[in-house]
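Here is the structure we will look at, set down as structure tokens.
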Amino acid sequence: MAKSNKTFLSVILAVFILLSIAKNAEAYGDADFWIQTPDDWTENTEGLTNDLKKQVISPDRNAFIEVYAAPGNNPGLQAIADGMEKAILSRGGVYFQNRISSRDVMQDNHPAIFREYSSYYNGNKLHAYAIYAYAKGGAVVAIGVFAEDLAGRYQNLVYECLNSLRFSPPPGMGNDNYTGSQGNPYANQANGCDRIVGKWRWFTGSQAEFHAGGRMPGNGNSWQCVDPSRGVVKIIWSNGKWVDTLTISADGSRLDGQNQIGNRVWGTRISAAPPPTPPQIQQHQQPKPKMNYAKRVRGNLAASWRLAHGSLKAGTSDSRGEWELSTVSGTTLRFSDPYKGGKQSYRVVILTKEGQKVDEKVVGMSEDITVGPGIYKIRMFAEQGYAGWRCEWN
């Protein structure tokens with residue numbers, strides 16, 4: 001990572017926020033919540049406010065987890081989530097710039113709201129999750145943030161830590177907080193095999209895709225977990241014509257093993273795994289538009305609702321294009337290469353109508369980008385030479 005990536009948390013972590021949605025009373029008790037955090041992460045004990053109860057930081061300072069809690073009357077779960085989100089944004093919490101999704105969940109038998117965010121800071125893309133709840137007479141918010149180019153290392157880990165949030169002692173824990181695997185009844189529940197979920201570049205030069213629950217595209221293809229503690233998986237191709245047994249590397253970026261006749265097989269990660277339970281897209285922070293539409297702004301392209309397509313050529317007036325998308329309910333855009341089967345590439349930059357960057361990706365074979373309700377400027381750029389492009393959505 002660039003030098004700026006390695007230090008971005010130093011600035012973000014200097015912003016400590018008070019929960020403005022709860023009354024100012026004596027501190028929420030230290031043993032009123034429990035959350036699992038990695039053993040090798042550093043727990044910060046200095047500079048904590050009455051409301052910031054816990055802060056742990058990864059060794060490379062590219063991910064962190066915080067828990068805020070404050071006693072007071074319950075203003076309603078929606079008010080807790082919206083109030084905390086607004087307070088974070090107003091105090092420079094860059095990691096909440098773009099809310100991707102929001103959904104109602106249950107957290108340790110308590111109603112809660114789970115939200116997912118993306119943002120850019122000093123040229124670095126960040127990703128964040130947050131769980132908002134009201135329990136034991138106070139508001140509790142658990143936040144996890146990581147650098148998106150290290151999603152293979154941190155995405156599932158941060159998600160699992162936040163999902164371990166509890167408001168009553170785990171069995172045998174009494175009133176002691178838990179932090180890692182020692183004495184932590186939740187530490188071994190995470191399935192190390194699930195890190196296979198995502199897109200991989202296979203040793204044959206093709207692309208392999210693995211979904212949660214052992215599912216794979218293609219007839220007769222599936223995968224099974226052999227050893228969750230070591231991340232060992234078995235991949236079954238074409239109803240058993242080929243069977244590969246592989247181990248997922250510690251950082252989640254590589255698969256290595258052999259097939260049933262002893263030949264070596266391997267894969268390298270293309271894109272990180274999604275969260276275990278993808279949330280539904282709800283209200284984006286832009287004003288909700290009145291109608292769905294897509295229209296051309298400039299460049300060699302055409303755009304109508306549900307389909308945009310065109311071509312790009314580096315070094316010419318057709319090196320870039322732009323189109324506008326208005327979506328009332330939010331949608332997932334699937335960008336693809338309609339001609340070369342992934343042998344060409346182009347860059348997509350999505351901005352809000354006001355110019356705030358929402359996402360940016362280089363598309364080879366295909367990429368999905370999810371946006372909430374709003375009006376977006378979608379800019380297309382040639383990476384090198386000529387590239388045709390296509391975008392479809394529902």
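The values are calculated or read from the model by the stated rules, or taken from the named source; none is laboratory data. Model, not experiment: these values are computed from the prediction. Backbone-built Cβ (ideal geometry, glycine too); neighbour counts: all protein chains shown. For the accessible areas, the whole protein counts, side chains as well, though only heavy atoms, and no ligand, DNA or RNA atoms are used. Shrake-Rupley method; radii C 1.70, N 1.55, O 1.52, S 1.80 Å.
Per-residue accessible area (protein heavy atoms, 1.4 Å probe) orders His309, His127, His211 as His309, His211, His127, starting from the largest. Highest mean packing first, where packing is the average number of other Cβ atoms within 10 Å per residue, the peptides 227-238, 139-150 line up as 139-150, 227-238. Couplings 3J(HN,Hα) for segment 364-369, derived from phi with the Karplus relation 6.51 cos²θ - 1.76 cosθ + 1.60 (θ = phi - 60°), are x, 6, 6, 8, 10, 10 Hz, where x marks Gly and Pro.
These residues, Glu160, Glu392, Glu354, go from largest to smallest accessible area, 1.4 Å probe, as Glu354, Glu392, Glu160. Take Leu77: with every protein chain present and a 1.4 Å probe, its accessible area is about 40 Å².
Most tightly packed first, judged by the mean number of other beta-carbon atoms within 10 Å of their residues, the peptides 152-159, 260-267, 378-385 read 152-159, 378-385, 260-267. Could you give the Stokes-Einstein D for segment 208-255 in µm² per second, using the C-alpha Kirkwood radius, 37 °C, 0.692 mPa s? For the chosen part, D equals 297 µm²/s. So if R0 is 56 Å, what FRET efficiency would Glu360 and Asn109 give, r being the distance between their Cβ atoms, rounded to the nearest 0.05? With a Förster radius of 56 Å, E is 0.90. Ordered from highest to lowest accessible area with the whole protein assembly present and a 1.4 Å probe, Arg215, Arg269 read as Arg215, Arg269.
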